[in-house]
Every structure is written in structure tokens, then in C-alpha cells.
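Following: one structure in C-alpha cells, then a few remarks.
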Amino acid sequence: MRIKSLTQTSNKKILILGAWFLVLSLATTLRLRDLAWVQIGYDELISLKLALDVLQGQWPAHAAYSGSVANHPPVYIYVMALGYLISKDFLWAVAYHALLDIASVALTFYAGWRYFGARVGFVAALLYAVAPWPIEFARHTWLTPQPIFTSIMLLGLLSITHPNLGHKYGIVLLGWGFTGLIGSHLSGIYFLPVIVLALWMGRRQINPFTLLCAFAPLIIIALAYLNFDRSQDFKNISALFTASGVANRPARFDLDAFKFALANTGGWHLSDITGEQFGEWVAQMPTWLAWIDIAQIGLVTLSLIICTWLAFRRRSATIVLILLTWLLPVSLQLRHVIPLGPAYFIAHVPAAFLLVGIAIDAVQCKVQSSRWQMAGVRWQVASGKWQVAGGKGSDIFALCPCYLLLATCHLLLCTIWAWHVFTWVRFNDFVQRYDTTSGGYGIPAYSVYQATRAARQATPDDAWVVFVTQEPPSPYNLQTVLANVMLADVPHRIMHPADGLILRQSALPYVLAPDAFGYANDLSARWQISPLTQSHHPLRNLPQASEKNTGYTFVNVPAYAPNSPAIAKFSNGIELLKADITRQPKQVRVDLTLHVTQAPPPNAQFQWFNHLLLANTDRMVGQTDGSGIKTAIWQPGDVLRQSFDINLPADALPPPYQLRLGSYLLNGPRLQITLADGQTDDKIEVREVN
């Protein structure tokens, strides 16, 4: 008898482990599928850039400013920085973020199994694993509430309110989970009432030392953040209350919070992020199956009702806390100032799926118990057989309604699971085949990742990758942040197409942004650089006939070795190798070739002045000043080719012309120039090349 019992226990554990493995395998497959097609935008990238800054010794007390509310605490930034300790590859950063959500799925399974039974854990985790919105958010690296912290917090909640099964340090899980929530996003403060209630319920088993260990991280982060916000006149804290409608500003009351919180548990309204391609999305999806999304939301709603009834019927503090973990933060955002969106409620999904698992388990147990009692049926554990009381075989027909109801319930669950997998796979495929950049999913990473990958592979040991942006480089624009994140694992420089060209004595990889694609033509035509190793990576799998320039381009500029002596040497270490002026109908183009022999001083900015003179006179025809290739990106060994255009006035005197040029430190004196004959001056004159 004991051997059979042990065997059954062992088989049960194997079955549970098998179910756990199945769920996690499915969650991993869906979240890590086609990572190169994840969306990239400023919000997704700035968080990664800040995480990279942490590795360089910058320890921010706040994260990036959010357009919806304010600056948030920096916990999420530090968590992503931990991932960068393994690799700085962009796809690894996305995969690492997805793995955090997979861990959340695992914790949801564990919490449901340990405190309610294997069926609850399996149903909750499987719904979580295949739900399209959680999968989508798991692949976004932007600053949002993180479900992994909710799962940790829920495990702590269950632990301290269920002493028989609880962990000794469950309070630590509770405190650290809540710290992660509020430390990643200010909306985590909406979970505070639940935390306070849980602490009150478990007050008899909490000692001061473990309480301090649990909330010490929160205290440290809160003090650092509040000290930062004090310098901002507490505008971020004020913005939090304004966003929730507490401040004296116009606010409105609606059910958007519930709408998004329910939609996040499935794939409802996933079509909203198809943008202008909405028609194509609808055309390829079976509209007659849309009822499944409605049924799924109905299932969650019904589960909330059932769990509310169970909480009062069983007087279950555990169910009450899980219910409030979902219900209370959502209710607190019913009145709001800012428009709400699905991202604000992604942290609620672990609680929602646990509630569904609890409700389904309760219904199934109730149906089985009541129907089998009516039929007089008992399951004999020892024999492993069904037995009918009194030997009345006709009573077995009383089980038919029971089986029918359970079969319907299971069929609905299987249909929802299958529909969610189908929806996500189709959506993931859709963003690869359709242009949803306008009002939809946004720009995927595929093109820029492939181009930067080719550049990294082609980078010599002594070279840098040059990223040519479509707009002037700035720490606050998308292209600059994109370059810093995509090329985080290799030295790189960022420049604008108008800046010029950098050459070195070894081949130099270039990555061109879509709107800078014409720069490749300049390399071969204007700068007469050939041959070029070039590969164009289309942003999407659009038809070849598409005229839209959608791809990033990798160009490997061949090695260049100066073969002529310098005609002048500047006091900042720059050698002038060549200077040409070419007359055009309405302007004169100045082309300079410079050799960098030493690193420029930190924060220095050298400017160039170009004075067009009438030949053999000091009479000026036109002039222009410019920075050319920015001083900050110069490296010893660079050969800089840059040009300036001098516009000719309508009444310009006829040629020939000559050019007087020189350099000066911005807001400083001109640089001294040593000419080829040894003479020094602060300018050099070049005659026109006809």
C-alpha cells in the first residue's frame, strides 16, 4: 500500500514537472521567436542606453522622462544593466527582457501549484504563456511596470498569509517584489494598499529584522529618488497624483482602466497596432472567430466574480489579496487625467491569470463533487477504479451533464489557448510583411540590426564603426540612441551626411540610416571612393518594386593611406593634405583632406573659416564658417575629407578666385599654421582649381 502511494506521489510530481516544462517551453518559443523583428523606438532604446550608462559608472536616481507621467525610479534600468554584464548585443538585451517575463510565467505556475493545486498553476501559467499582449510587452524594452515583480510580490503575499505552506522569508519576497514594481514605474504605488493589508494580516509571524530586510531596498531607492525630485520642486510626485486625478486639474471618469486590464489578458485590440494596415490585418484574420476574444474576456470577468464569491464563502485571505492585487490598482485609475493605454496594466496579468485558474478549479471541483454524489460514484484510490454505490448501473447516466459541462469548459480553454497562439504567430508574421510604421507597430529592428551586425563583423581591431544618421547627432534623438545601443559592443562614431567622410589606413565600416542612403552615392561619385563592399538590408520584406527607401545599409570603405606630404600643419595636430576649390554656377565648393595625428582636447570644438577672395587681392567675394566633421569624434590616424559651399552673390565679380582658410577654437583664437616651407601664419591661401 505504501509503495503504491509513493509511486502515485512520484508519478504526480513527474506529471507536474512535465506540465511546467511544457508551459515554459511554449512561453519561451513564443517570446524568443524572430527577435530581430521587435519594435524599436526612442522609448524602447533610451532605457537600454541608460542601462549601458550604468556599466560606465553612472548611477542615476531616476529613469528617463515618460511622456505620460514623469521621471520614474531607476530599478528597471539597473535590472537591464545586469543583463548587459553578459553581452551588449541588442538581441540579447531583448531576449533577457523576455526571459524575465518567462520567469514570471514560471513563478505564476509555482504560486498556483503550491497554494491552490497543480491545476490552478497549469491553467494560470498556460494562459499567461500564450496571451498575445503579455508576449508583445515581454519583447518591448521600454519603461513599463514589470510583471516579474508582480509575480514575486504575489508569491510573498501568498507566503505570509498561508503560514502552513509559507516560506520563512516570504516577507522579503513581498518587499522586494513591491520595491521592483514601484522602483520601475511610479504606478506601482497603486499596489501599496494591498501591501499594507497583507502586512496587517501576517503581522503575527513578521519580526522586525525580516521586515527591515524586506523594505530596506525600497527605503534606499525612495530616499534617492525623493532627493532628486526635491531639486525638481517635486514635480514628478505631483505629476503622479495629477495622472490619477487627485490634484485640482480636470479629470474624467471612465472604464478604460478595466478595458485595458481585461484586454491585456489576451489579444483583444492587438489589431490596433497595425496602424494604416488595419484593413490588411482584418482581411487575413478569420473574423468569425472574433468571438473567442470576447469569450476570453468574459472568462476573466466571470473568474473575478467567482473568486469574489469564494473569498467570502471560504473566508480566504489569500484569494482576497490576489483579487485586490488586480482589482484595487485598476480601480484607482478609473479617474484619470492622462489617456490610459494597455502598457499601464501589464503588471496586473499574473494576478488575473491566477484568478482564472482558481475559478476554473473551484467550478470543476464543485461540479465533480455534486454530480458524483448524485450518482453515488466514488473513486477508489487503492484500486484505481470507479465504483457505483448499490450496483445500480443506470445511475452512471447522472454523470452525463457533469461530463458535458466539464468537456465544454475544457474545450473553451483549449480553444482560447489555440486562438492566442494563432493570433500571435499571425501578428508576428504580419509586421514582417507589412509597413506598420505609420500609426501602428512602428519600426522593427531587423534592418538596422543586420546592418550593424555586418559592420561589427567587418570591424578591424584598430577601427571604429561610423554610423551616418538621417539627422544631426544629438543625445536626445532616436538615431543617436539607436547607434549607441546597436553598436554598444564595438567602438563607434556618429555623424551626419553633411559632415564629410572619415578614412583610415584600414577598411572602415559604415552604417547608413535610410534617409542617409544617398551618402553611399557620394562615396563613389563625390568622394571617388571605390570599390565599395555594400549591402542593403530592407526594413521589411516589401516587394522589390517598392520605391520606398526602408533599409539600413552597410558599406565597407576601403583602406586609405596618405601618399603625399602635408602642405600645412596646424597647432592642434591636424595636417592639411589637400585643399581644392571648384567653381559652380552659383557657388564655390571647398574640399579639404586632413590628417589627424593626435587626439583633440576634451570638449574642444574647432571651426573652419573659408574666405573666398578675388585672385591676387584681399577683396572678399564670399565666406562661410563651419565645423565639418565634429571634433569630438576625431581619432588619431583619421583622414578627414570635408567640404563647404560658399554661395556667390548675384553681383559677384568674375573669377579667378582664391581661398583663404584657417581654423580656430570655438570662442577662441585662431590656430597657428606651419607651412611646407617652415613659415608660420594663422591662415593659408589656395588658388582655384578650374
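The values are calculated or read from the model by the stated rules, or taken from the named source; none is laboratory data. Not measured: the values here are computed from a predicted model. Cβ atoms come from the backbone with ideal geometry, glycine included; neighbour counts cover every protein chain shown.
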From the set of residues in the range 79-101 that are within 23 Å of A351 (Cα to Cα) and crowded, with 23+ Cβ neighbours inside 10 Å, which is farthest from the chain's Cα centre (by Cα)? D101
Would you be able to tell me the number of residues in the range 320-355 that are farther than 23 Å from G202 by Cβ and of a type in the set (S, T, N, Q)? 2
A103 versus (1) farther than 30 Å from L411 by Cβ; (2) in a helix (DSSP H, G or I); (3) in contact (Cβ under 8 Å) with a residue 60 or more places away in the chain: which is the lone unmet condition? (3)
Subset tally (residues that are surrounded by fewer than 18 Cβ atoms within 10 Å (Cβ to Cβ) and either closer than 23 Å to P602 by Cβ or not charged (D, E, K, R) (or both)) for the range 631-646: 4
Can you find a residue in the range 59-78 that is part of a helix (DSSP H, G or I), among the aliphatic types (A, V, I, L, M) and surrounded by 21 or more Cβ atoms within 10 Å (Cβ to Cβ)? yes
Would you list the strands (runs of 3 or more DSSP E) that sit entirely within the range 577-650 and hold 1 or more residues that are farther than 20 Å from A498 by Cα? 606-614, 620-626
Out of (1) in contact with a Gly (Cβ under 9 Å, 6 or more places away or on another chain); (2) farther than 27 Å from Q296 by Cα, what's the single condition that is false for V196? (1)
Among residues belonging to the range 427-456 that are closer than 13 Å to I273 by Cα and β-branched (V, I, T), point out the one that is nearest to the chain's Cα centre (by Cα). I443
Within the bounds of the range 481-494, is there any residue that is of a type in the set (K, R), buried (at least 20 other Cβ atoms within 10 Å of the Cβ) and closer than 20 Å to L640 by Cα? yes
Of the numbered conditions (1) surrounded by 21 or more Cβ atoms within 10 Å (Cβ to Cβ); (2) closer than 30 Å to L223 by Cβ, C307 fails exactly one; give the number of that condition. (2)
Tell me, yes or no, whether the range 183-195 has at least one residue that is over 21 Å from S104 (Cα atoms) and either at pLDDT below 90 or in the same structural domain as I338 (by TED's automatic domain parsing) (or both). yes
Out of (1) modelled with pLDDT under 85; (2) outside the structural domain of T480 (by TED's automatic domain parsing); (3) surrounded by 20 or more Cβ atoms within 10 Å (Cβ to Cβ), the one T459 does not meet is (2)
